[in-house]
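Data first, discussion second: the structure below is written as structure tokens.
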Amino acid sequence: MPILEGTIDITQKGETYREVCKLRRNNVFLTMEAIGKEVGVSRQRVRAILLKEKLPTKSVTKRTAVYCKVCESPTPNGQVVCPGKCREDHYYTYVECRACNRKIRYLKSYMKTRIKFGMNRYFYCSRECFYMGRRDGIS
């Protein structure tokens, strides 16, 4: 039986369906437009086929990884630095108590603020050390 002009060839339709579904399943990064160009149909037709087959219509975007500022490795959940040692190195620094020479852990931002506003540049581990430093004329 001859195929009338303007009707759709069923074998062609099945092949398009299979090809669109195969491309979506094998490469989730392809857009509907890219699938349509490869198969030879419009983007709207690709969308209709994907909806009928209950496949995702949106392509997955490739997320750029965020790298740790300290160790240069990818960080979990897009954090600026890795949790643990890298976080400690990035946000904290160690200074010596001016009176007893004990190491003290300070936030770097706290130190910068103190220096910026002209506060005392000497650091003390306790009030006793602070008063000792004032008494001895250190501060």
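The values are calculated or read from the model by the stated rules, or taken from the named source; none is laboratory data. Just so it is clear, the structure is predicted and the values come from calculations on it, not from any experiment. Here the Cβ is made from the backbone with ideal geometry for all residues, glycine too, and neighbour counts use every protein chain on show.
Listed here are the residues, each with its yes/no results for (1) over 30 Å from Cys68 (Cβ atoms); (2) exposed (fewer than 11 other Cβ atoms within 10 Å of the Cβ); (3) touching a strand residue (DSSP E or B) at 6+ places or on another chain (Cβ under 7 Å).
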| residue | (1), (2), (3) |
| --- | --- |
| Arg87 | no, no, no |
| Tyr91 | no, no, yes |
| Arg114 | no, no, no |
| Gly118 | yes, yes, no |
| Arg134 | yes, no, no |
| Gly137 | yes, yes, no |
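Please enumerate the residues belonging to region 93-112 that are farther than 22 Å from Cys68 by Cα and of a type in the set (A, V, I, L, M, F, W, C). Scanning region 93-112 gives Val95, Cys97, Ala99, Cys100, Ile104, Met111. Considering (1) over 17 Å from Leu23 (Cβ atoms); (2) under 28 Å from the mean Cα position of the chain (by Cα); (3) small (Gly, Ala, Ser), the lone condition that Ser59 does not fulfil carries the number (1).
Evaluate the following for Tyr67: is it surrounded by 14 or more Cβ atoms within 10 Å (Cβ to Cβ) and either modelled with pLDDT of 85 or more or within 23 Å of the chain's Cα centre (by Cα) (or both)? The answer is yes for Tyr67.
Every residue, every condition in (1) surrounded by 14 or more Cβ atoms within 10 Å (Cβ to Cβ); (2) outside any helix (DSSP H, G or I); (3) out of contact with any Gly (no Cβ under 9 Å at 6 or more places or on another chain), yes or no:
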| position | (1), (2), (3) |
| --- | --- |
| Ile35 | yes, no, yes |
| Leu51 | no, no, yes |
| Ser59 | yes, yes, yes |
| Val80 | yes, yes, yes |
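Contact annotation: residue pairs with Cβ atoms under 9 Å, 6 or more positions apart or on different chains, pairing a residue in region 107-129 that is closer than 15 Å to Tyr94 by Cα with a partner that is of a type in the set (D, E, K, R) and in a helix (DSSP H, G or I), are Arg121/Arg114; Phe123/Arg114.
So that you can scan it fast, the table gives a plain yes or no per residue for (1) modelled with pLDDT of 85 or more; (2) in contact with a Phe, Trp or Tyr (Cβ under 9 Å, 6 or more places away or on another chain):
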position	(1), (2)
Ser73	no, yes
Gly84	no, no
Ala99	yes, yes
Lys103	yes, yes
Leu107	yes, yes
Tyr110	yes, no
Arg134	no, no
Gly137	no, no
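Taken over region 85-125, the residue count meeting the criterion of being of a type outside the set (S, T, N, Q) and in a loop (DSSP other than H, G, I, E, B) is 13.
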